[in-house]
1. What are the distances, in nm and sorted shortest first, from the label point of B:A139 to the label points of the same position in each other copy, with each label point placed 7 Å from Cα along the Cα-to-Cβ direction?
2. Residue by residue through region B:101-114, which ³J(HN,Hα) values in whole Hz follow from phi under the Karplus form 6.51 cos²θ - 1.76 cosθ + 1.60 (θ = phi - 60°), with glycine and proline marked x?
3. Taking R0 as 56 Å, what's the FRET efficiency between A:D19 and A:Q144 from their Cβ-Cβ distance, rounded to 0.05?
4. Find out how many positive minus negative residues lie around A:P168, taking Lys and Arg as positive, Asp and Glu as negative, among other residues whose Cβ is under 13 Å from that of A:P168.
5. If Lys and Arg each add +1 and Asp and Glu each add -1, what is the summed charge of the other residues whose beta carbon sits under 12 Å from the beta carbon of B:E89?
6. Sequence-distant or interchain residues sharing an amide H contact under 5 Å with A:S31, placed H: which?
7. Charges only on Cβ, +1 for Lys and Arg, -1 for Asp and Glu: so what's the dipole of region B:38-173 about the Cα centre, in debye to the nearest 20?
8. Tally Lys/Arg at +1 and Asp/Glu at -1 over every other residue whose Cβ is under 9 Å from the Cβ of A:F71; what's the total?
There are 2 protein chains.
Amino acid sequence: MNYCSHCGNPVTHRIPEGDNRHRYVCDHCNSIHYENPRIVAGTVPVWNGQVLLCRRAIEPRHGYWTLPAGFMENTETTVEAAIRETREEALAEVEVDGLYTMLHVPHIDQVHMFFRARLKDGTFGVGEESLDAQLFPLADIPWQELAFPTIRETLERFVRDTETGEFPLHIGDIRYRMGK
Amino acid sequence: MNYCSHCGNPVTHRIPEGDNRHRYVCDHCNSIHYENPRIVAGTVPVWNGQVLLCRRAIEPRHGYWTLPAGFMENTETTVEAAIRETREEALAEVEVDGLYTMLHVPHIDQVHMFFRARLKDGTFGVGEESLDAQLFPLADIPWQELAFPTIRETLERFVRDTETGEFPLHIGDIRYRMGK
C-alpha cells in the first residue's frame with residue numbers, strides 16, 4: 001500500500017495514536033487502513049466413499065490437486081462460499097454436513113475452513129480454474145501432488161476419521177509451506 | 001474506495017474481465033482491489049458459573065454490554081485473537097475450551113466467532129475500550145442492554161446449554177440489527 005484509497009495522498013506505515021500495531025495511515029485525511037485475515041472456504045465433497053479433487057489451472061501450485069475452495073466474498077456466509085467454490089471449480093452441487101477443519105495459516109494471514117459435503121447426484125466437471133476433476137478412492141489420494149498444507153491436513157484427518165465414522169471439528173494451525 | 005492504493009490514480013467500480021463481481025479496479029496499473037469479510041473473535045469467559053461482560057466505551061453501541069471480542073489481526077489465529085481481546089477489554093486471562101458459535105453477519109461482511117473460556121484466576125478489570133466489566137449470574141444477564149445480535153444469540157445458547165451441560169458448536173446467520 002502506497003497511497004490512501006480515500007483521498008489519494010501517500011500513506012505512512014506507523015503505529016497510530018492509541019493503537020499498538022503498525023497500520024497504513026493517511027496524514028492528509030486521517031484515514032487508518034486496517035488489514036485483516038481472509039477466509040478461504042471449501043468442501044470435502046464425497047460420492048460413494050470417494051472424494052472429489054480438482055487439479056489447479058492457476059497459480060499458486062498450478063497442476064497440483066486441491067479440494068474445491070477459495071476466498072469468501074463479501075455478503076456471503078462461509079457455507080455459501082464453500083458451496084459456490086465447489087460449483088465453480090468442480091461444477092458440482094453439494095449438500096453441506098458441517099464444519100470439519102478450521103486451520104489458521106498465520107504467515108499468510110488466512111483462515112481455511114473445510115466443510116464435509118455430499119455430491120447431490122454424482123455429477124461434476126472441470127471448472128475454469130481447474131485442469132481436471134476426479135473422484136479418488138481414499139486409498140488412491142495423490143499425497144505427493146497436493147496443493148497446500150491445509151488440503152493435506154484435512155484429507156489426512158478425513159481418511160483417519162472415516163475408519164472410526166466420527167468426524168469431530170478440528171481447529172489447528174499450519175506453520176509450514178509445501179515443498180517443491 | 002476512490003483511489004488505487006498501489007499507484008494513487010482514481011479507481012473504477014466494475015466487473016473485471018473473467019470475474020463475475022464488481023471490484024474496485026485501477027485502469028492505470030491494472031490492480032484489482034478485492035474486499036473480503038472480516039472475522040470478529042471473542043470469548044464467553046466464565047468464573048464460578050458467572051459470565052464476564054464488558055460495557056462498551058466506544059461506538060457503535062456505546063454503553064451497551066458485550067462479550068469481549070474484536071477484529072482478528074493479521075499474523076494471529078482466531079484463538080489468539082479471542083484471548084487478546086479478552087485481555088484488552090476485560091484485563092482477564094482465560095483458558096480457551098473450544099469454538100462455541102460461528103455467526104455470519106453478511107449484511108456487514110463479518111463472521112463472529114465465540115470460544116468458551118474459563119478465567120484463569122478470577123481476576124479481571126476495565127480495559128481502555130470498556131466503561132465497566134462485571135461477572136453476571138446467568139439469571140441476571142442484562143438482555144435489554146446487550147450490544148449486538150451475535151452477543152445475544154451466543155448468550156441465549158449458553159444459558160440453554162448450561163442446563164444440559166452440552167455445548168455443541170452452533171453455526172448460524174444473523175440478518176437483523178439490534179433495536180434502539
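Just so it is clear, none of the values below were taken in a lab; they were calculated from the coordinates. The structure displayed is predicted, hence computed values, not measured ones. FYI the Cβ positions are ideal-geometry reconstructions off the backbone, even for glycines, and counts take in every protein chain you see.
1. Once sorted, the set of distances for B:A139 reads 6.1 nm.
2. With coefficients 6.51, -1.76 and 1.60, one gets 10, 10, 10, 7, 10, x, 6, 10, 6, 10, 10, 9, 10, 10 Hz.
3. That pair, A:D19 with A:Q144, gives E of 0.80.
4. Values: positive: A:R116, A:R157, A:R160; negative: A:D97, A:D161, A:E166.
Neighbourhood net charge equals 0.
5. Details: positive: B:R55, B:R56, B:R84, B:R87; negative: B:E85, B:E88, B:E128, B:E129, B:D132.
Within the 12 Å Cβ shell, the charges total -1.
6. Placed amide hydrogens put A:C26 under 5 Å from A:S31.
7. Details: 12 positive and 23 negative charges, 30 e Å.
That gives region B:38-173 a dipole magnitude of about 140 debye.
8. On the way: positive: A:R38; negative: A:E73, A:E85.
In short, -1.
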